[in-house]
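**Student:** So that we are looking at the same thing, I have put the structure below in structure tokens.
The values are calculated or read from the model by the stated rules, or taken from the named source; none is laboratory data. The shown structure was predicted, so the numbers you read here are calculated from the model rather than taken from an experiment. We place every Cβ from the backbone using ideal geometry, glycine too, and count neighbours over all the protein chains shown. The area values use the complete protein model at the heavy-atom level, side chains included, leaving out ligands, DNA and RNA. Shrake-Rupley method; radii C 1.70, N 1.55, O 1.52, S 1.80 Å.
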Amino acid sequence: MTHTFRPAAAADAQTLAAIDASVNIHPWSEAQFAAACTASEGNLSWALVAEEKAVVVGFAVVSLVLDEATLLSIAVDPQRQRRGLGRALLLAALARAQSEGALRCLLEVRESNTAARVLYTASGFTLDGVRKNYYPCGDTREDALLMSKSLKGTANECA
Ligand SMILES: CC(C)(COP(=O)(O)OP(=O)(O)OC[C@H]1O[C@@H](n2cnc3c(N)ncnc32)[C@H](O)[C@@H]1OP(=O)(O)O)[C@@H](O)C(=O)NCCC(=O)NCCS
């Protein structure tokens, strides 16, 4: 199915929160998405949404500080996963960050999140370190893997 990308707006916050709640055990609130999507002075984050037939089916949220981007969140509607959308969203987000001056992109991922780890590694991210016991995980804690990708001189074209 053909998808398109566009910048998210505050009006997308409810939809993004619903997608996030369907895939994450600790989802962001609607207010957090609204804050990330609202362009204002001092707001360093933005989001891209992926649409299929005008229905929002995924998103990526990025913050950009000077030349360093951080992928804060990325998710695809569970019914639409494993069709290339996550990879395309990631590439579109990296391309926008690069066009805005980012030379590097950082992210954190749960150690148990195989899907995301495989996607990031296949997209050129490498492991920088481990933040022990970073994420809550039921009654215990789970490590965060810290990954990054250089954006210097690379072409991150949307698929
Ligand atoms: C991570 C996520 C965004 C990937 O979205 P997606 O649309 O399914 O990803 P794609 O179809 O583009 O897959 C790209 C590649 O990632 C890897 N991948 C994706 N899902 C996978 C899975 N369940 N198991 C193993 N590898 C997987 C594969 O290498 C895949 O390529 P392939 O299908 O050619 O083998 C999606 O699984 C998701 O929304 N997860 C929940 C939210 C989340 O964990 N976000 C990351 C937080 S750090």
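**Student:** Explain nothing, just compute: Karplus ³J(HN,Hα) = 6.51 cos²θ - 1.76 cosθ + 1.60, θ = phi - 60°, for every residue of region 45-59 in order, whole Hz, x for Gly and Pro.
**Tutor:** Karplus values, whole Hz, x for Gly and Pro: 10, 8, 9, 10, 10, 9, 10, 10, 6, 6, 9, 6, 10, x, 7.
**Student:** If you don't mind, another one. Where does each of Trp28, Trp46 land when they are ordered by accessible area, with a 1.4 Å probe and the largest first?
**Tutor:** I get Trp28, Trp46, largest accessible area first.
**Student:** Next up: On a 1.4 Å probe surface of the protein chains, which of Asp67, Asp139 comes out largest in accessible area, and what is the full order?
**Tutor:** Sorted descending by solvent-accessible area, the residues read Asp139, Asp67.
**Student:** While we're looking at this one, here's another question. What is the spin-label model distance, in nm, from Glu100 to Leu66 if the labels are put 7 Å beyond Cα along the C-beta direction?
**Tutor:** Reported label-point gap for Glu100 and Leu66 is 1.7 nm.
**Student:** On to the next question. Report the accessible area of Ser40, computed with a 1.4 Å probe over the heavy atoms of all protein chains in place, in Å² rounded to the nearest 10.
**Tutor:** Looks like 70 Å² after rounding.
**Student:** In addition: Out of residues 5 or more away from Arg104 or on other chains, whose amide H comes under 5 Å of its own, with H placed 1.01 Å from N in the peptide plane?
**Tutor:** The list, which skips near neighbours in sequence, is Ala69, Leu151.
**Student:** When DSSP assigns beta bridges and you keep just the ones with both residues in region 18-154, what percent turn out antiparallel, to the nearest 5?
**Tutor:** Percent antiparallel among DSSP bridges in region 18-154 is about 90.
**Student:** Using modelled amide H (1.01 Å from N, peptide plane; none on Pro or chain starts), what sits under 5 Å from the amide H of Ser73, excluding residues fewer than 5 places away?
**Tutor:** Amide H neighbours of Ser73: Val61.
**Student:** A further question follows. May I ask you to evaluate 6.51 cos²θ - 1.76 cosθ + 1.60, the Karplus curve with θ = phi - 60°, for each residue of region 93-106 and list the ³J(HN,Hα) values in order in whole Hz, giving x for glycine and proline?
**Tutor:** Rounded to whole hertz, the list is 5, 5, 5, 5, 4, 5, 5, 9, x, 6, 9, 8, 10, 10.
**Student:** Can you pull the three principal axis extents for the Cα set of the chain, in Å, largest first?
**Tutor:** Principal extents (largest minus smallest coordinate, Cα): 39, 38, 35 Å.
**Student:** Assuming a ≥ b ≥ c are the square roots of the Cα gyration tensor eigenvalues, decide whether region 91-159 counts as rounded (a/c under 1.5), prolate (otherwise, with a/b larger than b/c) or oblate.
**Tutor:** prolate
**Student:** What dipole magnitude, in Debye to the nearest 20, does the chain give about its Cα centre under +1 on Lys/Arg Cβ and -1 on Asp/Glu Cβ?
**Tutor:** 460
**Student:** If you don't mind, there's one more thing I want to ask. Need the full-extension length gain, Cys137 to Ser40, defined as separation in residues times 0.36 nm minus the C-alpha distance. One decimal, nm.
**Tutor:** Separation in residues times 0.36 nm, less the Cα-Cα distance, equals 31.5 nm.
**Student:** Per residue of region 25-41, what does 6.51 cos²θ - 1.76 cosθ + 1.60 with θ = phi - 60° give for ³J(HN,Hα)? Whole Hz please, x for Gly and Pro, Karplus curve as stated.
**Tutor:** Couplings: 6, 10, x, 6, 7, 4, 5, 5, 5, 4, 5, 5, 8, 8, 6, 7, 4 Hz.
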